[in-house]
Each structure stands twice: as structure tokens, then as C-alpha cells.
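Colleague: The structure's right below; bear with me while I get my questions together.
The values are calculated or read from the model by the stated rules, or taken from the named source; none is laboratory data. Predicted model only: the values in this text are computed from it and were never measured. Cβ placement follows ideal geometry from the backbone for every residue including glycine, while neighbour counts extend to all protein chains displayed. Heads up: the accessible areas ignore ligands, DNA and RNA and are worked out on the full protein's heavy atoms, side chains in. Shrake-Rupley method; radii C 1.70, N 1.55, O 1.52, S 1.80 Å.
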Amino acid sequence: MSDTTGNPLDDPSADPFEVAAAAAEDIARLTGVERHDIALTLGSGWGKAAELIGETTVTFPATEVTGFSKPALEGHVGTLRSVLTPKGRRVLIIGARTHYYEGHGARRVVHSVRTAAATGARTMVLTNGAGGIKHTWKPGQPVLISDHINLTGDSPLEGATFIDLTDLYSMRLRDLARTIDPSLDEGVYCQFRGPQYETPAEVRMAKAIGGHIVGMSTALEAIAARQAGMEILGFSLITNMAAGIQTTPLSHQEVIEAGREAEPVISSLLARVIGAL
Ligand code: HPA
């Protein structure tokens, strides 16, 4: 099933949904939980939410699960955990994102989402750290994703798989999030390939085509989540103003620090929203 990389997803003849089903079996075995209800992918700055959502029953390295890759980056935690909420719902928390810029292809990028769906999760909450385009936004501010523009030129869908993406980021769930924090603004997320940050000209393009947020994740994952029939909620933490909107150079360190500072507030918001799902 696997080629020389040891990851079964790198074998072109492998069925990615079978690999996800095998991964879901690993998770059931490692957690002792047959079905999860909600899945949550934690991006930069959102990590503390894991402790606030409920009682963590099991934590394990993502690499113990079929098809998961090692984390590429400091600041990205490579673990999965199973959390039981006060309402008795099971949340699968994915702290192990594979980014498109790592160059392993869309199959590996969306494997965690397909696995979450195979564990039974019907709701997918995707979070990230991203650059802000709207002038009214400030670093450290969480915003809802209302829609996306996929600028990667790629798709997790294979073959003639025509999937409707209307209301991809569920209006119902955005409204629910605003019952927790009515001040939440929203915007259109543009996924660039990365890993370089955008040029100011690319940010002006993103703005001209209707974008408000620039980042390097989430859009491909949302497409796969929709394909799997999940309802999607997306949050971006604005870690910095996008290139050219802020006049100082961007740095990964700045992104990590903004995430760290905003973490207590946004994690508590996220935990309350998950509690209301
Ligand atoms: N651009 C792309 N990705 C990002 C940014 C950005 O400005 N900030 C954090 N992730």
C-alpha cells in the first residue's frame, strides 16, 4: 500500500478514503471512542482552546495514525486529542496540520479532514492564523470566514467530482458564533500556496477580487470537508496586517507572538462556540 516515503497516501493507486477509514480505526483504537461528533483543527494562536472545551480523555502523536505526516514547523503541535464536552459530545482536536506549501500534495493536506469525517464528525471547525486586509482590523482579532478564494490552483477533489460550494462556511454556524460574540466580523479568505508571504501587489490583487484575509491553509480543507458532507465553521486569527497594508516587514516570529498574545481570549471564545454547537 505504501511507497518509499512510508505514507500510504503517496501511493497514487491508494484510495484516500480507504486510508482515512484506516486512520479513523486507529483513532477509535487509541481513544476507545467509536464516534466523534465534532472535529476542530487548531491553527496558530488557537491551541489553548483544547484545554477549555472539556475533559481531554486521550492525547497522542498524530504520527501514530495512518497517513498523518510529521509537523513541518515549530509552533504547530503534532498531536491529536479526544475531548469530552460538558454536554457529552466528543470532539476530535487536530493539532497536526499538513500545509500545502510542504509540497506533499492535496491528498495529504486534507487527510485529517477526511479522517475526522470517517470518525463520524458532522461538524468541522477550521482555525488559522492569517493576514488581514480590512483596515478596521487589528492584529490579535479573531474573524469568521464567510467564503474563500482558492488561489492554490489545486483541489483535493479527484476526477470529475463536481461539488457545490454555496454556503461552504455555514451561515447557521456563523450566526451561532455571533450569538456568543456579536462583535465578530467576517471576511473572505484567500488561500495562497506559500510558504513565502504575499507581495503587496498580491495583497492588492486579493483585495480587488474580493478577499479580506490572506493565508496558507483552510480552503483546500474546507472543500474536502464539504465533499465529506460536513458543516463547516471557519475562524481566522488576524496575526498581522497583510503585506503592504502594514508597512513593516512580515515575520513568522511576529505571527507566533501575535498568536501567543491573543491565545487566551480567542481560545475562550472558540471553546464557548464549540460548547454551543
Ligand atoms: N499571509 C499568509 N499567511 C499568513 C499571514 C499572511 O500575512 N499571516 C499569518 N499567516
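Colleague: Can you name every residue in the stretch 231-247 that is more than 12 Å from the ligand (Cβ to nearest atom) and either surrounded by fewer than 22 Cβ atoms within 10 Å (Cβ to Cβ) or of a type in the set (Val, Ile, Thr) (or both)? Lay out the reasoning, then the answer.
Modeller: Taking the stretch 231-247 and keeping what is more than 12 Å from the ligand (Cβ to nearest atom), we get 231-235, 247.
Residues satisfying the conditions are GLU231, ILE232, THR247.
Colleague: Here are the criteria: (1) among the hydroxyl-bearing types (Ser, Thr, Tyr); (2) at pLDDT below 95; (3) more than 15 Å from the chain's Cα centre (by Cα). Tell me which single one THR79 does not satisfy.
Modeller: Here THR79 meets the rest and fails (3).
Colleague: Then there's this: Between a first residue in the stretch 240-261 that is more than 15 Å from MET216 (Cα to Cα) and a second residue that is modelled with pLDDT under 90 and within 11 Å of the ligand (Cβ to nearest atom), which pairs have beta carbons less than 6 Å apart while being 6 or more apart in sequence or on different chains?
Modeller: That search, which allows pairs on different chains as well, returns GLY259/SER44; GLY259/GLY45.
Colleague: Moving to a separate point now. Given the options ALA177, ALA201, name the one that is assigned to a helix (DSSP H, G or I), of a type in the set (Gly, Ala, Ser), away from the ligand (no atom under 16 Å from the Cβ) and out of contact with any Asp or Glu (no Cβ under 8 Å at 6 or more places or on another chain). First the steps, then the outcome.
Modeller: Details: ALA201 fails: away from the ligand (no atom under 16 Å from the Cβ).
Only one candidate passes the filter, namely ALA177.
Colleague: Taking the stretch 209-230 as the search range and keeping residues that are in contact with a helix residue (DSSP H, G or I) (Cβ under 9 Å, 6 or more places away or on another chain) and open to solvent by 20 Å² or more (accessible area, probe 1.4 Å), which one is nearest to THR98 (Cα to Cα)?
Modeller: Within the stretch 209-230, the match that is nearest to THR98 (Cα to Cα) is MET216.
Colleague: Can you pull out every residue in the stretch 109-148 that is open to solvent by 30 Å² or more (accessible area, probe 1.4 Å) and farther than 29 Å from MET241 by Cβ?
Modeller: ALA118, ARG122
Colleague: Out of (1) of a type in the set (Val, Ile, Thr); (2) within 14 Å of the ligand (Cβ to nearest atom); (3) over 16 Å from TYR100 (Cβ atoms), the odd one out for THR166 is which?
Modeller: Exception for THR166: condition (2).
Colleague: Select from the stretch 46-55 the residues that are open to solvent by less than 10 Å² (accessible area, probe 1.4 Å), in contact with a Gly (Cβ under 9 Å, 6 or more places away or on another chain) and either among the small types (Gly, Ala, Ser) or not in a loop (DSSP other than H, G, I, E, B) (or both) and list them in ascending order.
Modeller: Answer for the stretch 46-55, where residues must be open to solvent by less than 10 Å² (accessible area, probe 1.4 Å), in contact with a Gly (Cβ under 9 Å, 6 or more places away or on another chain) and either among the small types (Gly, Ala, Ser) or not in a loop (DSSP other than H, G, I, E, B) (or both): just ALA50.
Colleague: Take THR218 and tell me if it is under 20 Å from the mean Cα position of the chain (by Cα), of a type in the set (Val, Ile, Thr), under 17 Å from ILE93 (Cα atoms) and within 16 Å of the ligand (Cβ to nearest atom). Working first, answer last.
Modeller: Values: under 20 Å from the mean Cα position of the chain (by Cα): yes; of a type in the set (Val, Ile, Thr): yes; under 17 Å from ILE93 (Cα atoms): yes; within 16 Å of the ligand (Cβ to nearest atom): yes.
Yes; evaluated as a whole, the condition is true for this residue.
Colleague: Also, I was wondering about something else. So is ALA206 within 11 Å of the ligand (Cβ to nearest atom), in contact (Cβ under 8 Å) with a residue 24 or more places away in the chain and open to solvent by less than 10 Å² (accessible area, probe 1.4 Å) or not? Steps first, please.
Modeller: Details: within 11 Å of the ligand (Cβ to nearest atom): yes; in contact (Cβ under 8 Å) with a residue 24 or more places away in the chain: yes; open to solvent by less than 10 Å² (accessible area, probe 1.4 Å): yes.
Yes, satisfied.
Colleague: For the stretch 12-41, what are the residues that are open to solvent by 30 Å² or more (accessible area, probe 1.4 Å) and either in a loop (DSSP other than H, G, I, E, B) or in contact with a helix residue (DSSP H, G or I) (Cβ under 6 Å, 6 or more places away or on another chain) (or both)?
Modeller: Within the stretch 12-41, the subset open to solvent by 30 Å² or more (accessible area, probe 1.4 Å) is 12-13, 15, 17-18, 21-22, 25, 29-30, 32, 34-35, 37.
Correct list: PRO12, SER13, ASP15, ALA21, GLY32, GLU34, ARG35, ASP37.
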